[in-house]
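Please read the structure below before turning to the comments.
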Amino acid sequence: MLRRHLRPFGSSTGRFFVVILPVLAAVCFSGAAFAQNGPNVTAGCSQAVWTALNAKAQAQVAYDVAVTRQMINKPDSVLSLTCFSQAAGVSAANGGVIYSGNFSAQLATIMPVEGNTYNCAEIGNLWNTIATSGVSTAAPYATFDALMNGTAPSGAGSDFTAGWTAAQSAGVFKNLQQAVQALPQPTQMDFSTAKSSCDVLKAANIITGSCPSAASSQAGPSP
């Protein structure tokens, strides 16, 4: 029911790394597979890429946990979903009839005891909360830049903020920032003079040689 809320398009840097990380991962894993199965093949996976992928996964998990904490109020114990305190009260009252009388007071010294009747609706209440609050406005989107900088998205609720702060204190977001910065940085390319697809490919060093000029491309065939 929970959706992933990551929307990693906060900036041009974020867009680049969100696109390039999966590509680099595919190259790394493919290279490792060939290195194991084929002779005389050099593994081409960079440790920096693996570290960045691992840090990105940890940051994503930290965000998902913060969203879950905001959207679902989990009980401190699974026993509370069964209203165990009520069950204890019923046992103390009815069981006491068999022995020396109601022993709720004695039982309360070691565990919560509530009344002497059982009317539990906790599981139903939890389900209704999940069903009616499937999307919470207090669980905001986090861009890739937010994950790198450790800046909590605006509009976050208290439970979300608590989860985010815990991950920040553990250094999850800082690790991601350092790992991404350690990656080989892309070469800056100048496309300011590119006027055609050929010019773009040449500026990116994909093709060599000269591109036809606009005048020659517009000229018709010679008679």
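Residues that are more than 23 Å from the chain's Cα centre (by Cα) and aromatic (Phe, Trp, Tyr) were ranked within region 102-159; the one that is farthest from Asp64 (Cα to Cα) is Phe103.
Within the set Ile110, Ile123, the sole residue that is among the β-branched types (Val, Ile, Thr) and in contact (Cβ under 8 Å) with a residue 40 or more places away in the chain turns out to be Ile123. Within region 94-134, the set of residues being loosely packed, with under 11 Cβ neighbours inside 10 Å and β-branched (Val, Ile, Thr) comprises Val97, Ile98, Thr109, Ile110, Thr117, Thr132.
So for region 193-209 (the condition being at pLDDT 85 or above, outside any loop (DSSP other than H, G, I, E, B) and assigned by TED's automatic domain parsing to the domain that holds Tyr63), does at least one residue qualify? Among the residues of region 193-209, not one is at pLDDT 85 or above, outside any loop (DSSP other than H, G, I, E, B) and assigned by TED's automatic domain parsing to the domain that holds Tyr63, which makes the answer no.
Of the residues examined, Ala66 is one that is in a helix (DSSP H, G or I), of a type in the set (Gly, Ala, Ser) and touching a residue at least 60 places away in the same chain (Cβ under 8 Å).
Filter region 44-60 down to residues that are outside any helix (DSSP H, G or I) and crowded, with 16+ Cβ neighbours inside 10 Å, then give me how many there are. Final tally of qualifying residues: 2. Which of the residues that make up region 72-99 are within 30 Å of Ala162 (Cα to Cα), in contact (Cβ under 8 Å) with a residue 24 or more places away in the chain and among the aliphatic types (A, V, I, L, M)? Those that are within 30 Å of Ala162 (Cα to Cα), in contact (Cβ under 8 Å) with a residue 24 or more places away in the chain and among the aliphatic types (A, V, I, L, M): Ile72, Leu81. Screening region 61-71 for residues that are of a type outside the set (D, E, K, R) and surrounded by 18 or more Cβ atoms within 10 Å (Cβ to Cβ) and picking the one that is farthest from Thr132 (Cα to Cα) gives Ala62.
The values are calculated or read from the model by the stated rules, or taken from the named source; none is laboratory data. Since this is a predicted model, take the numbers as computed values, not measurements. We place every Cβ from the backbone using ideal geometry, glycine too, and count neighbours over all the protein chains shown.
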